[in-house]
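Down below is the structure, laid out as structure tokens.
Please treat every number below as a calculation from the coordinates, not as lab data. Computed from a predicted structure; not experimentally measured. Note that we place each Cβ from the backbone using ideal geometry, even for glycine, and neighbour counts take in every protein chain shown.
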Amino acid sequence: MSRLGAAKRIIVKVGSALLVDQKTGTIKASWLSSLVDDVADLKIAGADVILVSSGAIALGRRTLGLPKGKLKLDQSQAAAAVGQIALAQAWSEALRTRNIVAAQILVTLQDTEERRRYLNARATLSTLLSQGAVPVINENDTVATSEIRYGDNDRLAARVASMMSGDVLVLLSDIDGLYSAPPNQKGATFIPELREITPEVEAMAGKPISGIGSGGMITKIEAGKIALSAGCNMVIASGHELHPLKRITDGARCTWFLAQSNAMQSRKRWIAGTLQPVGKLIVDDGAKGALAKGKSLLPAGVKSVEGNFSRGDTVSVVLPDGIEFARGLVAYDSSDAKRIAGLKSADIQKLLGNDDRDVIIHRDDLVMVGGERN
Ligand code: GLU
């Protein structure tokens with residue numbers, strides 16, 4: 001099976017140049033419809049699909065009557081405010097023809113970089129995916145100011161892939177992949193596959209190449225670094241033809257960046273490598289046995305809680321003798337964790353109101369570590 005066909009969670013970044021006709025400033029409807037067919041096929045095969053779509057500025061600038069060429073920040077933000085409506089509508093209508101519900105998510109840099117917002121964004125996206133919807137993500141261009149913008153959707157898509165533990169990030173581009181030198185230069189060779197982003201690879205990226213959109217190969221390489229460190233494979237492929245995802249599964253030429261571990265392994269390694277867990281959950285032997293079997297840690301198994309921490313912090317899981325045997329990202333702030341320690345889910349609901357988090361550390365956020373006393 002192809003790498004894309006085998007993936008369970010796929011993030012697809014669609015650049016403005018592919019989606020918006022540069023001459024008319026309108027959506028390329030037949031291309032969009034062919035992409036949506038591919039998305040539907042991947043979903044039928046069992047994959048979750050998240051789209052990261054540019055195009056708001058490209059769509060809005062003409063409607064607003066803005067000049068050609070580079071826009072000032074406030075102009076692009078105004079254009080995005082207008083274009084995002086059309087962009088979301090185009091996706092929603094196209095996906096609906098394949099009975100897929102689209103969900104619009106506009107994010108700012110803090111949403112993937114700040115723990116609390118990250119956790120909320122991840123929870124919302126997970127719920128959408130579990131309900132079979134396809135999230136369509138873009139940067140919230142209208143409110144993001146220059147210092148705190150991603151500015152390009154390549155890196156935004158990579159952060160989303162990392163946040164959502166994606167298996168494959170697809171960057172649909174106006175070029176079919178990475179070349180050793182600018183593709184029109186003599187001697188430039190195509191790179192079909194790489195496993196590491198070395199300084200040589202970075203040097204191959206050269207200058208931005210795209211006419212509209214703010215990407216170029218440099219931001220794609222940056223995206224590659226984010227994706228690979230999160231254990232997510234990345235592929236740069238041409239989106240010029242119809243059915244661009246099917247073409248990848250059918251073996252079209254593209255450049256694969258292959259991660260050395262999968263998303264879950266990278267995430268767990270990252271958790272295990274936390275230098276200083278900020279708190280401790282003291283549990284009994286029964287809870288230890290459950291965790292060793294791959295279960296989540298329930299509040300009922302926690303005897304006491306030490307330290308001051310926030311939801312999403314890394315905490316140690318220790319036995320009463322102080323031996324740490326696991327680490328994980330805790331689902332509650334320390335004040336709430338202290339209140340719910342030892343309680344059953346039904347009692348927690350009564351105590352904390354309508355909260356549906358019944359685990360204190362989810363098994364995906366938990367890693368067993370070798371017995372160090374700390
Ligand atoms: N967020 C911008 C838009 O929707 C595009 C950013 C990019 O081109 O990567 O127009």
### Query
Whole-Hz Karplus ³J(HN,Hα) for the stretch 120-137, in order, using 6.51 cos²θ - 1.76 cosθ + 1.60 and θ = phi - 60°, x for Gly and Pro?
5, 4, 5, 5, 5, 4, 4, 5, 4, 5, 5, 8, x, 7, 10, x, 10, 9
### Query
Tell me, what ³J(HN,Hα) does each residue in the stretch 267-279 have, in order and in whole Hz, if you take phi through Karplus 6.51 cos²θ - 1.76 cosθ + 1.60 with θ = phi - 60° and put x for Gly and Pro?
4, 5, 5, 4, 5, 4, x, 3, 5, 9, x, 8, x
### Query
Once the convex hull of the C-alpha atoms of the stretch 236-374 is built, how many Å³ does it hold per residue, rounded to a whole number?
162
### Query
Straight-line reach from K23: which lysines have Cα under 29 Å away, leaving out those fewer than 8 places along the same chain?
K13, K68, K70, K72, K207, K220, K246
### Task
Sum -39500 (n - 2.57) across every DSSP H segment of at least 4 residues in the chain, then divide by the residue count to get the 222 nm mean residue ellipticity, nearest 500.
-11500 deg cm²/dmol
### Summary
Ranked from fewest to most other Cβ atoms within 10 Å of their own Cβ, W91, W256 fall in the order W256, W91
### Query
Among T142, V317, S261, whose Cα sits farthest toward the positive end of the charge dipole of the chain (+1 at Cβ of Lys/Arg, -1 at Cβ of Asp/Glu, about the Cα centre)?
T142
### Task
Give me the orientation-averaged projected area of the Cα convex hull of the chain, in nm², one decimal.
20.3
### Hits among lysines - C-alpha to C-alpha of K288 under 24 Å, sequence gap 8 or more where chains match
K268, K280, K303, K338, K344
### Message
Can you return the aspartates and glutamates within cross-link range of K28? Criterion is Cα-Cα under 18 Å, with same-chain partners fewer than 8 residues away left out.
### Response
D37, D38, E93, D174, E241
### Task
Give the long-range amide H neighbours of G279: residues separated by 5 or more places, or on another chain, with amide H under 5 Å away, using H modelled in the peptide plane at 1.01 Å from N.
S316
### Query
Along the Cα-to-C-beta direction of L242, a point sits 7 Å from the Cα; which residues of the stretch 12-54 have their amide N less than 11 Å from that point?
30-35
### Task
For I50, enumerate residues with amide H under 5 Å from its amide H, sequence gap 5+ or separate chain, H modeled in the peptide plane.
I10, I11, V12
### Task
Tell me the Kirkwood hydrodynamic radius of the stretch 90-237 in angstroms, computed as one over the mean inverse distance between distinct C-alpha pairs.
16.6
